[in-house]
Amino acid sequence: MVLGTRILSIAAVCALSMALLAAILDFPNRWAYVEARLPLTQLWAQPDEQNRIQSSPAPYDLLKEANAALPRHAPVLLVTPGRDIAYREYNTFHRALYFLTPRPVWWMAPTHPDGSWKSRWWISTPVTPDSIRSIAAEKGAQYILAYGLEDTALPGSAILKVDGGVLVRLGEDPPATQSEHLPASSSLSLIWPLQLIAGALIVWLLGNSMLTMASRLGYSASGVEAVALSWSLGAGLLSVLMLWLSALGIHLDWQIAILTLLAAGLGTWHMTTNRRAVRTSPVLSRTKPGVSWPTTLRWLLLALIIIQVALVILMAVGRPLEVWDSWVTWTMKARAIFLDGYISPAVYADPSRAVTQLDYPLLVPLVQAWFFGWLGTPDDRLVGVPSVLFYLSLIAVCYAAVRARGGEQTLALLAATVVATMSLLAGLAGIVFAEMPLTLFTVITVVYLLKWLEGGPRGTLLVASLGAGLMLWTKKEGALLLATLCVAALATNLRRRRAWLGVGWMGLGAALIAGPWLAFTVLNGTVNSAFLPVTLDTFRANIGRVPTIAQLELNSLLNGWWSYIWPLAGIVALAALFAGKRPGLHADKLIPLAALLYIPLAGLAYVFSDFVPYEQHVLSSIDRLLVPLSPLLVLWLAFQVGTPLLRPPSDLLSTHNEGPTSGSVPTREVGGRGYAVEDDMEN
């Protein structure tokens with residue numbers, strides 16, 4: 001067993017090193033991507049020019065002027081000639097939805113639909129004055145935005161002509177009052193950095209109140225772990241509170257005021273209770289690690305993290321949002337929340353905006369709207385700030401997870417660096433996708449569930465349940481992840497009361513945090529346009545897709561943008577089969593089993609895809625569907641290094657040493673590790 005364990009430790013170190021090497025070798029490609037966008041980032045002081053370039057081929061100036069001229073909630077009919085329907089006109093429609101938010105925007109063109117995903121968004125009809133009037137009347141639009149129709153007669157009177165387009169008002173209705181036209185400020189104030197800091201500080205204080213609650217339940221986080229958890233849980237709590245305040249009809253400005261006062265009160269209470277509490281120092285393992293690390297390696301790893309973070313910051317906040325989902329699916333909703341001042345029907349019930357996936361959870365849009373509110377303008381360059389903070393928090397949580405198990409500092413840095421430099425993860429942070437916080441909450445859920453299973457206090461269960469709820473509140477894919485983790489936890493700990501409690505509390509967290517929104521969308525009749533109904537008939541009709549989906553998913557798992565962590569973890573897992581049983585290290589089974597269960601479950605979702613062709617759906621999103629588990633594989637590899645010399649007894653699991661409390665239970669030694677026995681159902 002000792003020999004097998006040493007082989008496993010060496011294999012894990014080699015796998016982590018190879019993953020890091022793959023990331024380093026990929027840096028020239030990452031720099032090439034960044035370098036191509038540097039001319040745009042250098043125009044940061046000229047936001048209009050940046051938006052003009054980023055919005056191309058859509059007519060930015062036309063949309064900007066139309067936004068200023070139109071009443072704030074007037075429906076608009078976009079009319080295009082159908083000459084470049086799949087590129088220029090398709091982009092123009094989506095940019096019109098974005099820049100004219102929160103107005104409904106409909107699109108008509110003479111092109112016949114071909115059944116593809118793109119063609120479902122335009123109304124196919126000949127472009128004539130009569131057809132324009134007819135469609136406008138059907139959609140309740142008094143304004144026509146025509147683009148590329150220079151030779152076509154348009155009904156109504158022209159309001160403006162800009163950039164090859166014209167805005168027309170139908171009928172003889174008087175123009176709206178100036179107050180209805182007045183757009184939100186489009187320029188940042190001179191103190192915008194202070195506004196950003198203030199907004200982030202409120203989030204941190206809210207999250208810190210959750211850590212205070214966890215400490216009351218026996219778990220005290222400290223250092224980078226506490227900072228990362230405070231931001232992460234704070235962002236989740238903030239978005240949930242904004243949801244309920246909006247449901248009560250409270251305007252965004254008042255939401256900011258209320259939540260600021262709440263955070264200040266919680267911060268004051270936290271400082272007061274800390275003064276009265278007995279302060280203790282974290283206890284980390286003094287056990288000699290199983291691998292000896294050169295000291296200079298720490299500096300190299302830190303340098304790599306710093307370089308990668310700098311690249312992420314440059315991409316996330318150096319330019320307007322570029323990649324489709326970041327501005328279509330998420331920030332378009334944030335703009336609507338900011339401009340309307342609450343979660344209006346434009347977010348969840350406007351059929352012209354079905355492309356934004358109206359039933360998606362709102363954690364990301366609400367956090368972005370929070371920062372828009374502090375800045376006073378929907379400048380989408382700065383919604384990258386929360387994305388960067390989620391990314392940094394992920395790195396910190398991974399580092400702390402290895403250290404909490406007694407891992408040597410260099411080993412923890414190695415794991416954190418592999419996570420930080422994984423091309424796909426860093427890329428998602430840089431393009432401001434919701435998969436970044438989804439991955440973070442998945443890691444938090446698993447890390448603290450493991451601490452709970454391995455004898456941790458009730459505070460770890462609280463953090464795990466919050467993470468589970470926030471997974472589902474970030475993306476609907478969180479339901480697949482939660483189901484996978486629950487099955488894996490029970491399958492590896494079926495006879496332990498702690499496992500059943502853990503699964504129960506994670507389900508409760510999901511129900512309390514995400515349940516109300518999911519119930520609201522169901523009752524509202526909101527339909528996800530990307531998927532067919534999940535029925536047995538649909539499954540039977542599309543079962544033939546499975547081989548293609550499996551092949552595309554396998555291609556993704558073997559791709560270099562994961563730093564090859566999936567195949568490397570698979571190889572180490574084979575080595576683990578010969579390493580022998582090590583009692584108490586639940587990560588040895590739970591994480592690999594969760595990965596094995598999730599891979600087919602993720603692929604199965606595409607059997608119900610409504611994309612035409614469905615292969616396009618798989619190619620565009622399978623990587624993002626798999627990414628939440630990739631950092632967990634890195635942690636799993638790090639947990640194998642030096643075991644069983646790395647001891648995760650109960651006093652090391654949470655890096656706390658608070659002594660016995662009321663309701664504490666005796667422990668017994670299992671394989672040299674201390675575990676609570678009140679929950680054991682096994683022999």
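The values are calculated or read from the model by the stated rules, or taken from the named source; none is laboratory data. Keep in mind the model is a prediction, meaning the values are calculated, not measured. FYI the Cβ positions are ideal-geometry reconstructions off the backbone, even for glycines, and counts take in every protein chain you see. In case anyone asks, the SASA skips ligands and DNA or RNA and just uses the protein heavy atoms, side chains included. Shrake-Rupley method; radii C 1.70, N 1.55, O 1.52, S 1.80 Å.
Quick look at the values:
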| read-out | value |
| --- | --- |
| Of residues in region 296-321 being open to solvent by 60 Å² or more (accessible area, probe 1.4 Å) and more than 17 Å from A415 (Cβ to Cβ), the one modelled with the lowest pLDDT | T296 |
| Residue identified as touching a helix residue (DSSP H, G or I) at 6+ places or on another chain (Cβ under 9 Å), within 30 Å of P351 (Cα to Cα) and not in a helix (DSSP H, G or I) among T521, T526, T538 | T526 |
| A23 within 28 Å of the chain's Cα centre (by Cα) and of a type in the set (A, V, I, L, M) | yes |
| Residue match in region 74-90 (condition: of a type in the set (S, T, Y) and either crowded, with 17+ Cβ neighbours inside 10 Å or in contact with a Cys (Cβ under 8 Å, 6 or more places away or on another chain) (or both)) | yes |
| Total residues in region 590-605, condition crowded, with 16+ Cβ neighbours inside 10 Å and either in contact with an Asp or Glu (Cβ under 6 Å, 6 or more places away or on another chain) or not aliphatic (A, V, I, L, M) (or both) | 3 |
| Close pairs from region 381-401: first in contact (Cβ under 8 Å) with a residue 60 or more places away in the chain and under 20 Å from G318 (Cα atoms), partner of a type in the set (S, T, Y) and part of a helix (DSSP H, G or I), Cβ under 8 Å, at least 6 apart | V383/T331; F390/S232 |
| Check on I202, modelled with pLDDT of 95 or more and part of a loop (DSSP other than H, G, I, E, B) | no |
| Region 168-199 - residue that is open to solvent by less than 20 Å² (accessible area, probe 1.4 Å) and outside any helix (DSSP H, G or I) and, of those, modelled with the lowest pLDDT | L170 |
| E35 open to solvent by 30 Å² or more (accessible area, probe 1.4 Å) and touching a Leu at 6+ places or on another chain (Cβ under 6 Å) | no |
| Any chance L568 is in contact with an Asp or Glu (Cβ under 9 Å, 6 or more places away or on another chain) and not polar (S, T, N, Q) | no |
| The listed residue being open to solvent by 60 Å² or more (accessible area, probe 1.4 Å), aromatic (F, W, Y) and at pLDDT 95 or above, out of W473, W517, W505 | W505 |
| Options A58, A69: the member that is touching a residue at least 12 places away in the same chain (Cβ under 8 Å), surrounded by fewer than 21 Cβ atoms within 10 Å (Cβ to Cβ) and within 30 Å of R169 (Cβ to Cβ) | A69 |
| Check on K476, under 30 Å from L16 (Cα atoms) and among the charged types (D, E, K, R) | no |
| From R545, R495, residue being surrounded by fewer than 16 Cβ atoms within 10 Å (Cβ to Cβ) and charged (D, E, K, R) | R495 |
| Selection within region 611-654 - modelled with pLDDT of 90 or more, of a type in the set (D, E, K, R) and either farther than 19 Å from L597 by Cβ or open to solvent by less than 10 Å² (accessible area, probe 1.4 Å) (or both) | E615 |
| Subset tally (residues that are assigned to a helix (DSSP H, G or I), open to solvent by 30 Å² or more (accessible area, probe 1.4 Å), farther than 26 Å from A499 by Cα and modelled with pLDDT under 95) for region 556-573 | 2 |
| Selection within region 104-126 - aromatic (F, W, Y) and either closer than 24 Å to A137 by Cβ or surrounded by fewer than 17 Cβ atoms within 10 Å (Cβ to Cβ) (or both) | W106, W107, W121, W122 |
| Candidates T5, T101, filtered to the one that is open to solvent by less than 10 Å² (accessible area, probe 1.4 Å), touching a Pro at 6+ places or on another chain (Cβ under 9 Å) and closer than 18 Å to P320 by Cα | T101 |
| Top-ranked residue of region 117-165 - restricted to ones that are assigned to a strand (DSSP E or B) and in contact with a Pro (Cβ under 7 Å, 6 or more places away or on another chain), ranked as farthest from W106 (Cα to Cα) | G165 |
| Close pairs (8 angstrom Cβ cut-off, 6 or more residues apart or separate chains): touching a residue at least 60 places away in the same chain (Cβ under 8 Å) and under 30 Å from A426 (Cβ atoms) in region 535-564, among the charged types (D, E, K, R) and surrounded by 12 or more Cβ atoms within 10 Å (Cβ to Cβ) anywhere | T548/E615; L552/E615; S556/D623; N559/D623; G560/D26; W561/D26; W561/D623; S563/D26 |
| From F608, F578, residue being modelled with pLDDT of 65 or more and either crowded, with 16+ Cβ neighbours inside 10 Å or aliphatic (A, V, I, L, M) (or both) | F608 |
| Scan of region 353-376 for residues that are of a type in the set (S, T, N, Q) and modelled with pLDDT under 95, ordered by number | T356, Q357 |
| Helices (runs of 4 or more DSSP H) contained entirely in region 1-102, each with at least 2 residues that are farther than 30 Å from D130 by Cα | 2-25, 27-41, 47-55 |
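For (1) open to solvent by less than 10 Å² (accessible area, probe 1.4 Å); (2) in contact (Cβ under 8 Å) with a residue 40 or more places away in the chain; (3) out of contact with any helix residue (DSSP H, G or I) (no Cβ under 8 Å at 6 or more places or on another chain), each residue gets a yes or a no:
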{"position": "T445", "(1), (2), (3)": "yes, yes, no"}
{"position": "L450", "(1), (2), (3)": "yes, yes, no"}
{"position": "G456", "(1), (2), (3)": "yes, yes, no"}
{"position": "L466", "(1), (2), (3)": "no, yes, no"}
{"position": "G469", "(1), (2), (3)": "yes, yes, no"}
{"position": "A479", "(1), (2), (3)": "no, no, no"}
{"position": "L482", "(1), (2), (3)": "no, no, no"}
{"position": "V487", "(1), (2), (3)": "no, yes, no"}
{"position": "L490", "(1), (2), (3)": "no, no, no"}
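Results for (1) among the hydroxyl-bearing types (S, T, Y); (2) under 37 Å from the mean Cα position of the chain (by Cα), shown as yes or no for each residue.
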{"residue": "Y87", "(1), (2)": "yes, yes"}
{"residue": "Y90", "(1), (2)": "yes, yes"}
{"residue": "W106", "(1), (2)": "no, yes"}
{"residue": "D114", "(1), (2)": "no, yes"}
{"residue": "R120", "(1), (2)": "no, yes"}
{"residue": "K139", "(1), (2)": "no, yes"}
{"residue": "T152", "(1), (2)": "yes, no"}
